[in-house]
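Asker: Here's a structure for you.
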Amino acid sequence: MWKQLLVMHILFVHEQSTLRCPGEVDAPPQFHLVRECQRAATDDALALENTSSLEECMNLTRQLRGLALNYASGERKRQTNHFAHPPENESRREKDARRRLNVFQQPGEFFNCHVLQCPQNISFAGMVNDSRFDYYSLYGRPTALHNISCVPEVGLFVIYTKLSRYTNASVACNNATEFMGSLAHIASEKRTSGLARWLRNYNRQRSAMRMESAIFLAYVGLQYNRSVSLRPMDYRNAQQESLLCFLYRAWHVGHPRVGGSQANASCVALTPQGTWQTLSCDHELPFICEIFRSSSSRQLDTGANSADVCVFND
């Protein structure tokens, strides 16, 4: 009897290791300094807080699943915003307007840690010159792409409308020159609903412009591979992590196809309704790439839109 239990235990351990579930002790995501003497707009901030250190602000941002942050160290030479007009030079109208603002409309004056749900894009259009603050992002400097979409508290994605087979779509994401990435991981409600919302908005825009080619299915990073999958429901993402490791499911009615038909319908596509469908990997569809977070520590951006002056006098 004990031998049978030992064999069952060994098989279970082997199966779990083969499933390649996400690691429980992954290193915390790292924020990179991107802009000095600037802060991003906080209209959609997840939190505005006062913290005693940059690390405390970073930990709060990780806890709230923010993707970027503004932080003011409070050191003596950076206690004043050198880009702002001194109070004595303000006009009466400017002073009256400032008095009517509440604390959340003046985040730079009352909070030194701003947790942001999305990072800035290539234009840095939401940046404000403020010598008290620096801006940090999980993604470092933005890529040169203009068609990047942010799913708040999740990540950055690129949707390609060019029709491709699943293998070609996967290669395009893996080998992109503008970013490091893969076909999108969708095994969470926020990921699936956020990307489905993007597809719906895209289709509405095309309809309003009376243009055809709406997107009804888009390849994502989920596939059944008979050479590595252990069970019929063992779909794997681009990192070979099994769907069995995750709780979330969004299968369309009648999907996934299993049994004899699974070999001919082993790839997964997302619908604008937020459901997953299985289909042949030879179908040509649009596809969604997920951009990986930056691993480089040298991310400071000094481009045309950076603060003109970031030098302080003691």
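The values are calculated or read from the model by the stated rules, or taken from the named source; none is laboratory data. Given the structure is predicted, the values throughout are model-derived calculations rather than measurements. Counting neighbours? That spans all protein chains shown, and the Cβs are built from the backbone with ideal geometry, glycine included.
Asker: Would you check which residues across region 149-203 are of a type in the set (Ser, Thr, Tyr) and free of Cβ contacts under 8 Å to residues at least 40 places away in the same chain and list them?
Answerer: Listed by number, the list holds a single entry, Thr177.
Asker: Additional query: Out of region 223-246, which residues are assigned to a loop (DSSP other than H, G, I, E, B), closer than 19 Å to Arg257 by Cβ and touching a helix residue (DSSP H, G or I) at 6+ places or on another chain (Cβ under 9 Å)?
Answerer: Result: Tyr224, Arg226, Val228, Leu230, Arg231, Pro232, Met233, Asp234, Tyr235, Asn237.
Asker: Here is a further query. Does Ile186 satisfy the criteria of being assigned by TED's automatic domain parsing to the domain that holds Gly274, at pLDDT 95 or above and in a loop (DSSP other than H, G, I, E, B)?
Answerer: yes
Asker: Out of (1) surrounded by 14 or more Cβ atoms within 10 Å (Cβ to Cβ); (2) of a type in the set (A, V, I, L, M); (3) within 26 Å of Val34 (Cα to Cα), the odd one out for Ala144 is which?
Answerer: (1)
Asker: A further question follows. Looking only at residues that are outside any strand (DSSP E or B) and at pLDDT 95 or above in region 264-279, which one is nearest to Tyr166 (Cα to Cα)?
Answerer: Restricting to residues being outside any strand (DSSP E or B) and at pLDDT 95 or above, the top hit is Thr271.
Asker: With the requirement that a residue be assigned to a loop (DSSP other than H, G, I, E, B) and either closer than 23 Å to Ser123 by Cα or of a type in the set (Lys, Arg) (or both), what does region 36-80 give you?
Answerer: Hits for region 36-80 are Ala41, Thr42, Asp43, Asp44, Ala45, Leu46, Arg65, Gly66, Leu67.
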